[in-house]
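The values are calculated or read from the model by the stated rules, or taken from the named source; none is laboratory data. The structure displayed is predicted, hence computed values, not measured ones. All Cβ positions, glycine included, derive from the backbone under ideal geometry; neighbour counts span all protein chains shown. The accessibility values were calculated without ligands, DNA or RNA, using every heavy atom of the protein model including side chains. Shrake-Rupley method; radii C 1.70, N 1.55, O 1.52, S 1.80 Å.
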Amino acid sequence: MWRAAAVDLGATSGRVMVGTVAPGLLELAEVHRFDNGPVTSADGSLHWDVRRLYDEVLAGLRAAGRVDAIGVDAWAIDYGLLDASGDLLGDPFCYRDPRTQAVQERVVEAVSLEELYAVTGVQHLPFNTIYQLAAEADLSSAAILLLLPDLLTYWLTGVVGAEATNASTTQLYDVRSRTWAIDLVERLGLPARLLPPLREAGEVIGTLSHDPSTKVVAVGSHDTASAVVAVPFADARRAAYISSGTWSLVGVETDAPVLTDAAREANFTNEGGVEGTIRFLRNVMGLWVLGELMREWEVDDVEAVLRDAERAPSGPVVDIDDSVFLAPGPMQRRLEDACVASGQQPPGTRGGLARCVLESLAQAYRDTVLLASELSGQPVDVVHVVGGGARNELLCRLTADACGVPVLAGPVEATALGNVLVQARTLGADLPDLAAMRALVRRTHDLVRYEPADSLAATRMAE
């Protein structure tokens, strides 16, 4: 039996979970949870208070007690810069900070979007690491760049490195050779010396600096990479997944990147997965919009909001991926304006607005799953929803209806489970491959199945 601590950081909250793994056993217990969110500096820029996050991680590890190993996952793209002494040069910027808007044109002048995609396979997002790095005012004091999970791992162990699943999101990584795209980086005038050595999920990074008996293991440090490990696929080549949380990551798992012009034009990304797989997906706006509505309304009871949405009539559907919904702040007026701009009457109630968000998400999921299937050539017989959205019954039903195939919801804690499973294999558990890990998830976790309301009339995505 193995006990592993999963440090799982999200953009709105973080937690430390302890997983117990044995033959036929996979259990999780939350030992510490804490809030997260960008903080505004004196000049108005958005940053992460990463030292506070690290203090919360340490508090969680103390609460976890004795464990055999620790693994850290977090969101992608954002990073910290260390000087030659290993000290952090200021709090990391938040990807929602608008500083990158001024540099995109300069980057694309040096290396076209077509070539960027051919090398990195990464969808064009204005806040990708490549643009953030190009927006840095002064890199002369910087010696190393560490993505956020790697930064926390460095503080735990003293070892620098970049885990490959997260490195693959930066648009600085060659998705075919699975190395840093040094030529591309140098052509952009960026210092390649900042890029740390790469490591794979499952490698032992080192041991805790204050406790050499506890291993620190590289997991799928991009939280979606860990989540996809625990998607309970029966057949990964005939299914799609939605990792539904603050963001929604919607796609399929493939053996090789899809680098066609059609994939680029559809803004799909090819991110590295555990065991050399590819997460062929697109970012879709997630439950962030509903969360911002609730913050604006000063309402904490999400179940009450969802009950109101359930009772509300089907109403307008908006383009939930419109960049107008990206920034923090008042969201209701933006939704209402989007309804009016598309010739629809805005809902007159909070329940109606919440339903508008969920129906818009379901339609965005459908469109993205259809495209993922078409572009990859993989049929989709079932859609798996994992993460926080898996407990949202209305969203899952709307998604099944929109997609026209069954939705299997669960597990909610897929990211922490995937984190723990990779650690357990490294520690010696009989989990030789992803299929074995997913089979253990299916045996130990209940899934909820949602059938489409009108499967005959709905557009099916399977062959």
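Numbers for the structure displayed
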read-out: Net charge of neighbours whose Cβ lies under 13 Å from the Cβ of GLY24, counting Lys and Arg as +1 and Asp and Glu as -1; value: 0
read-out: Radius 12 Å from Cβ of ALA239, net charge of other residues (Lys, Arg +1; Asp, Glu -1); value: 0
read-out: Given charges at beta-carbon only (K, R positive; D, E negative), |dipole| of the chain in Debye; value: 800 debye
read-out: Sum of -39500 (n - 2.57) over DSSP H runs of 4+, divided by residues of the chain (222 nm, nearest 500); value: -10000 deg cm²/dmol
read-out: With all protein chains modelled, accessible area of MET17 [1.4 Å, Å²]; value: 10 Å²
read-out: Alpha carbon centroid spacing (whole Å) that separates segment 88-113 from segment 168-227; value: 20 Å
read-out: Rounded accessible area of MET285 (nearest 10 Å², 1.4 Å probe); value: 10 Å²
read-out: ASP55 paired with TRP297, simple spin-label distance in nm, labels 7 Å along Cα-to-beta-carbon; value: 3.4 nm
read-out: Between segment 285-333 and segment 1-36, the alpha-carbon center distance in angstrom; value: 28 Å
read-out: Per residue Cα convex hull volume in Å³ - calculated over the chain; value: 140 Å³
read-out: Restricting segment 253-325 to GluC sites (Glu not before Pro) in coil, as DSSP defines it, with at most 14 other Cβ within 10 Å; value: GLU298
read-out: Around THR260: net Lys/Arg minus Asp/Glu count, Cβ-Cβ under 13 Å; value: -3
read-out: If the convex hull is drawn through the Cα atoms of segment 100-143, its volume per residue in Å³; value: 82 Å³
